Structures are given as C-alpha cells and as structure tokens.
Amino acid sequence: MKTIGIIANLTKEGAGQVVAETSDWLNKKGITALITEDCATSFESDYCAIMSSKEIVQKADALVVFGGDGTVLHVSHIPGITRLPILAVNMGGLGFLTEVGLDELYVALEKVLEGDYQLDERMMLRTRIFNPDTNEMEVERIALNDSVINKGAFSRVIWLETYIDNEYMATVNGDGLIVSTPSGCTAYSLSAGGPIVCPNLNVFIITYICPHTLSFRPQIVPAESKISIIVKSSHSNILLAIDGQEGFDLQPSSIVEIDKAPDTIKLIRSSKRSYYEILRTKLKWGETMKSF
C-alpha cells in the first residue's frame, strides 16, 4: 500500500489537527497521504499530495474518512468509491457507519497497512427516473441509505402507485414513502416507523410516510426485487431525495424504479465493538436499568 486518501468534515472540532497528525504518521511509515485542498490549508502539508475528492478516490489504495455518518453518505456519492476499503472514523457521537473511534485510529491504520482487517460490505440501491411519455431514463443515482419520495412545500397528500417485480402492490396516499437499504434502516425509515434490520441482510425496506390508510405498514422485500413507483398525483410539487444529498422534481406520471446497485461500499470494521453494541448504545436501550 503506497497511498491513503483522507477526506474530512472540517466543521467537526479538531478535524484539521487530526488530519495533520494522521498525514504525518503516514509519512513516517512511507505512505503518501492524498488530501483535499480545504484540508491542506489547516497545516504544513508539503509531504502530502493535494487533489480533489474525485481524484483521491481514483488514486488511493484506501480511504480514511473523518466525520460522522453524514460525511460517509457524502463520500459514498463520489464516483468510483466502491473500489476502496474505507476506514470511517467518528468525530462526534457514536455512528452507525462511522464506528471506529479516534482512540483506535492508529491501531486500525496499522492493520490496514498490514492488510489485516475485515470489511463490512454494505449493499447500495440504484434509483432511476423515467419519462412517462418517452420511457427514456432521465436520472440514475446510487444511494447507500435511501431514496425518498416526499411531498414538497405544500401540505397536499400525494398518490403513489407501487409495483414489485412488475406486479401491482398498492396505491398509497399520504406524505410519501421511503425505500431503504439495511444501512439506512436506522435513519429516516426508523423515524417513520420502519424496522431495524441487520446491515448484512440483502433486503429493501419500504416505509410509508404518514399514510392516510392505517393498514399500510412497513414491508421488507428481497434486494433482487425491482420496485416501481408511479406518481399518480396531478400536481408537480413532489420530490425525490437520494440519501438527502441530491433532490429531483417529479412530475405527474413520473416513473421511479429502484433496484439493487451492482457494487457495494466497503467499510473497515472496528475491532472494539459490534453492530449490536453500537445499536444498543446509540438508541440508549436498557439505560433505565442502570440504577438497579
């Protein structure tokens, strides 16, 4: 391993200093740190290679991400990211994606350099928007967490006709719906009443947002399924959000198709904690028992 890329959320307190210390540590190991221009302004970086995030992903042998889960989501949208092992280091509260803490950074980096690490491969989803008149694809995006169809600024319910593998499932009216990967089950989907799903399962979670029919409940379907959603509302104030990173306007009769992305994102596992420990800590399960 000759190069390691570093991408950091510099709004996190102390992030610039951590990038400087990590780059210096790598330099002493004979490894070139590839850093972004905004990181380079925070310290003397003559021994680093400075380039864009896209170039870092193309040229690095591995990637270190400093920030929170939102930073990992942002990084997951960089073209070519699925080829790299990613060491996601938490700079805030305990994260579901950024499970490696600063206290184990250099131990984890040492293992990365030795090739002694385990990967947590997370499935991603692919979302396509088709023009209803021409049936031509207008948009294609990959998401790590979720794709969300939601009403816009006006408080008007929207009607969505849904299909699984071209078989009609239901028409729902409400505020929208969420199609989530297991990685995204603890994000918007959980807030909307969706289930918690182990991240290594190969499934999609469909969660309805404030449906006007109380019998609509979250569904889990195989990731090999193709989920098709047709906008049946006559107004155009309807939005599609990809991981909360990008948004697209949907028109009446727009067709949204969601299936499994061909590649996975590869996160380096923490050696100190399991997913269930993170889940228990993050959601504060059992804290009321501490006094007993």
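The values are calculated or read from the model by the stated rules, or taken from the named source; none is laboratory data. Fair warning: this is a prediction, and the values are worked out from it, not measured in the lab. Using ideal geometry, Cβ is built from the backbone for each residue, glycine included, and neighbour counts are taken over all protein chains shown. Please note that ligands, DNA and RNA were not included when accessible areas were found on the heavy atoms of the full protein model with its side chains. Shrake-Rupley method; radii C 1.70, N 1.55, O 1.52, S 1.80 Å.
Between 0 and 90 degrees, the angle of helix 15-28 with respect to the longest Cα principal axis of the chain falls at about 50 degrees. Subtracting the Cα-Cα distance of Val157 and Gln245 from their residue separation scaled by 0.36 nm leaves 29.3 nm. Tell me whether segment 1-115 comes out rounded, prolate or oblate; compute the Cα gyration tensor, take square roots of the eigenvalues as a ≥ b ≥ c, and use a/c under 1.5 as the rounded threshold. Since a/c stays below 1.5, the shape of segment 1-115 is classed as rounded. For segment 17-59 versus segment 170-216, the spacing of their alpha-carbon centroids is 39 Å.
The antiparallel fraction among DSSP beta bridges confined to segment 14-151 stands at about 45%. Karplus-based coupling profile of segment 175-191, in residue order and whole Hz: 8, x, 8, 10, 10, 10, 7, x, 4, x, 5, 9, 9, 4, 4, 4, 4, with θ = phi - 60° in 6.51 cos²θ - 1.76 cosθ + 1.60 and x standing for Gly or Pro.
The mean sequence distance of close C-alpha pairs (under 8 Å, at least 6 residues apart), as a share of the length of the chain, puts its relative contact order at 18 percent. Over the chain, DSSP H runs of length four or greater, each weighted -39,500 (n - 2.57), average out per residue to a 222 nm ellipticity of -5000 deg cm²/dmol.
Taking a ≥ b ≥ c as the square roots of the eigenvalues of the Cα gyration tensor of segment 108-173, is the shape rounded (a/c under 1.5), prolate (a/b larger than b/c) or oblate? Prolate. In terms of the Cα gyration tensor, with a ≥ b ≥ c the square roots of its eigenvalues, is the chain rounded because a/c is under 1.5, prolate because a/b exceeds b/c, or oblate? Prolate, because a/c is 1.5 or more and a/b exceeds b/c.
Of the cross-linked pairs Lys54/Lys272; Lys54/Lys266; Lys59/Lys272; Lys28/Lys111, those separated by over 20 Å at the C-alpha level are Lys54/Lys272; Lys59/Lys272. Here the simple spin-label model places points 7 Å from the Cα toward Cβ, and for Glu44 and Lys284 these points are separated by 4.6 nm. Taking every DSSP beta bridge that has both ends in the chain, the antiparallel portion is near 75%.
For the peptides 64-77, 43-56, the ranking by packing is 64-77, 43-56, with the highest mean count of neighbouring Cβ atoms within 10 Å listed first. So if R0 is 22 Å, what FRET efficiency would Ser191 and Glu277 give, r being the distance between their Cβ atoms, rounded to the nearest 0.05? With R0 = 22 Å, the Cβ-Cβ based efficiency is 0.50. The share of accessible area on the chain that comes from carbon and sulfur is 49 percent, using a 1.4 angstrom probe. Using the basic label-point model (7 angstrom from Cα toward the beta carbon), what is the Glu224 to Leu102 distance in nanometres? Roughly 4.6 nm, to one decimal. With unit charges on the beta carbons (Lys and Arg positive, Asp and Glu negative) and the dipole taken about the Cα centre of the chain, which residue among Pro195, Ser52, Ile129 sits farthest to the positive side? Final value for the positive-end residue is Pro195. Normalised per residue, the accessible area of the chain is 47 Å², obtained with a 1.4 Å probe and no contribution from ligands, DNA or RNA.
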